[in-house]
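Encoded as structure tokens, the structure appears first; notes follow it.
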């Protein structure tokens, strides 16, 4: 009984709800069904693979950057800055680095100062994965690994894009307008894979992610 | 006010970035920065290379040219003998940038028997350390006018008499104020369109009107135009200005941690000054080793130093110093001394009022990243203009922009003639050749009228053959038709291949290349 009184007299900690707010970075509405946690969890590595890996990576981080966080892009030298704009990412909080041989040092510097980091998975050698994962955990950043995850990089969450289908383009007519793609979530933290069909990019939306609805899937060539 | 105008001598070595790197006087050297010629050796200039040319234009004018990219470190290092030679005449040198140095003439004038004595001494000192035709010497009231005088000086030094600035400036075209960093070229364009063609015209305006229309910069330009060039030179009134130093118990054997320490100090200094409404324009940076070897240098920046600009200067100076033979032990002390300030005319803060903790953390990390990866390897996206992927926004080295400048945000509107969104997510850094084949295996071509000679069937990218399942285009583009050298004529084609990948291809002069990939 005394013990129970003790517990009762302990101050109530609203930590659970508050901590979730701080621990989780928001993602676009269309992507939330893929996140039982509600968004990107700090300290985790997220992989993006498949034919729409880059578009997905940008869509994942866009909301966080809009809200005032900074994005570092490591090793994706050929990433188009215009694609950032179309994903709704404010350019002024984006920095890109080509670390060359000093990947570990550069990753350390980046993780100290940036809350969201996109790294080209092809850069990361087996031996480096562990060290970077440790840094990510201790710095509370979110790292998105883009591209061939075939190197066996074990991420907390692994997104794979499948079956891209472009709309709006025909045989010598129209142009690329929107792409339907199936996104599957697997990985260490996902006991059962989750699958969603998305528009990535969608026809008009700024954030470029939209659920495939009955109406949208009737989109015709323009 | 004019009592504060200081008689100043300025030495300019034109094309220093090239002079510093050239092997000999007949080395046809061309120095590029961000794709444009910023300096060239005398031989190259004689053959018609112009500042602002692109690489191709420069090599056309001077086929034997040796084209290199800018190396600020080498420039700083090569400038050290010049500084050393001049330091015998005046210890208070102010260095604008490598290639430009100035000092207060008053002391040396008394010592060396008049201004001519000083000018002769400077010319002699320069003759010992660089070939004598290159350096230009200007003397005038105030640092800015003397810089302009030096730019305009021929072989012989140009001496503007005391009180003669306004008269000297009156006939000069207004564009000269850009050459000495008083106004931006946009500001000057506006003045020209308003009918103000010479500096004399500017001086004739009511100073209040100029202030209202052109702000603090314009007011300063107006004061200079009327001969009141009263920016204090570095090291004139060091009293009461902040100074920070840091000692290291363990001597630092590499430069990077010293620069890192300076990064923190610079942040403190800038914060202290900005809370007093000031921004630092002149800075003395010094460092000492365990064996009491010493480096000290003045740096000047007209628009004021932010922290990252201070860090840049620190790295240039310390790297050059450490690479020289003068250093035999670890660094035990670094010191930053602010010697010149001006009122902080303010900068637009972000929409939500200022700089957040995230901004600061990122800015700090960027400074470290630059130290790790190198200046060219850390880039930020900025809005540009153009119709091809990779042209509307471009990546530029982070050291060339102000990270805290919120106006960098938004890209230019889409130009007519661009392929509509979505933009490719990947744009190859250098053009990647591809093959586009018709059913019969022949290479596809686009006629002058912009028609394909057959339907595309197979695309070969990086050696991989893929069948085309959908395509659109071709969209012809004649870009920069007004520019004989920069004009491009090409046609663009979108293809979706059988693996679901989509690409933007272009054909230019019968050669196909990959312009972008949607991945």
Per q in 0.26, 0.27, 0.29 Å⁻¹, report the Debye log10 I(q)/I(0) for segment B:36-93, using one uniform scatterer on each alpha carbon and no solvent. -0.97, -1.01, -1.10
For segment B:243-343, average projected area of the Cα convex hull in nm²: 5.7 nm²
Averaged over the residues of A:61-68, the number of partner chain Cβ atoms within 10 Å of each residue's own Cβ comes to 1
Kirkwood Rh over Cα pairs of chain B into Stokes-Einstein at 4 °C, 1.567 mPa s: D in µm²/s? 49 µm²/s
Calculate I(q)/I(0) for segment B:92-238 by the Debye formula, one identical point scatterer on each C-alpha and no solvent, and give its log10 at q = 0.13, 0.16, 0.19 Å⁻¹ to two decimals. -0.61, -0.88, -1.15
Fewest Cβ neighbours within 10 Å first, please rank B:199, A:124 accordingly. A:124, B:199
Hydrodynamic radius of segment B:359-402 per Kirkwood, over alpha carbon pairs, in Å: 11.3 Å
Equivalent-ellipsoid semi-axes (√(5λ), Cα gyration tensor) for segment B:1-61, whole Å, largest first? 31, 14, 9
Rank by packing, highest mean first: peptides B:146-158, B:48-60, B:184-196, B:164-176, with packing defined as the count of other Cβ atoms within 10 Å averaged across residues. B:146-158, B:164-176, B:48-60, B:184-196
Using the Kirkwood radius built from alpha carbon pairs, what does the Stokes-Einstein equation give as D for segment A:27-131 at 37 °C and 0.692 mPa s, in µm² per second? 229 µm²/s
Inside 10 Å of the C-beta atoms of A:167-175, what's the mean count of C-beta atoms belonging to other chains? 6
Over all residues in A:106-114, what is the mean tally of Cβ atoms on other chains that come within 10 Å of each residue's Cβ? 6
Can you give the alpha-carbon Rg of segment B:81-155 over 2.2 N^0.38 Å, where N counts its residues? 1.00
Express the Stokes-Einstein translational diffusion coefficient of segment B:432-518 in µm² s⁻¹, to the nearest whole number, given a Kirkwood radius over alpha-carbon pairs, 37 °C and a viscosity of 0.692 mPa s. 250 µm²/s
Taking Cα pairs under 8 Å and at least six residues apart, what relative contact order does segment B:359-402 come out at, in percent? 31 percent
For segment B:243-343: relative contact order, % (alpha-carbon pairs under 8 angstrom, 6 or more apart): 46 percent
Square roots of five times the C-alpha gyration tensor eigenvalues of segment A:28-75, ordered largest first and given in whole Å, equal 16, 15, 11
Only Cα pairs under 8 Å and at least 6 apart count here; give the relative contact order of chain B as a rounded whole percent. 10 percent
Rg(Cα) / (2.2 N^0.38 Å) computed for segment A:25-218, rounded to two decimals: 1.00
If each DSSP helix of 4+ residues adds -39,500 (n - 2.57) and the sum is divided by the residues in chain B, what number results at 222 nm, nearest 500 deg cm²/dmol? -9500 deg cm²/dmol
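Since every read-out is calculated from the coordinates, none of them should be taken as a lab result. This one's a predicted model, so the numbers in the text were calculated from it and none came from an experiment. Positions of Cβ are backbone-derived with ideal geometry, glycine not excepted, and every protein chain shown enters the neighbour counts.
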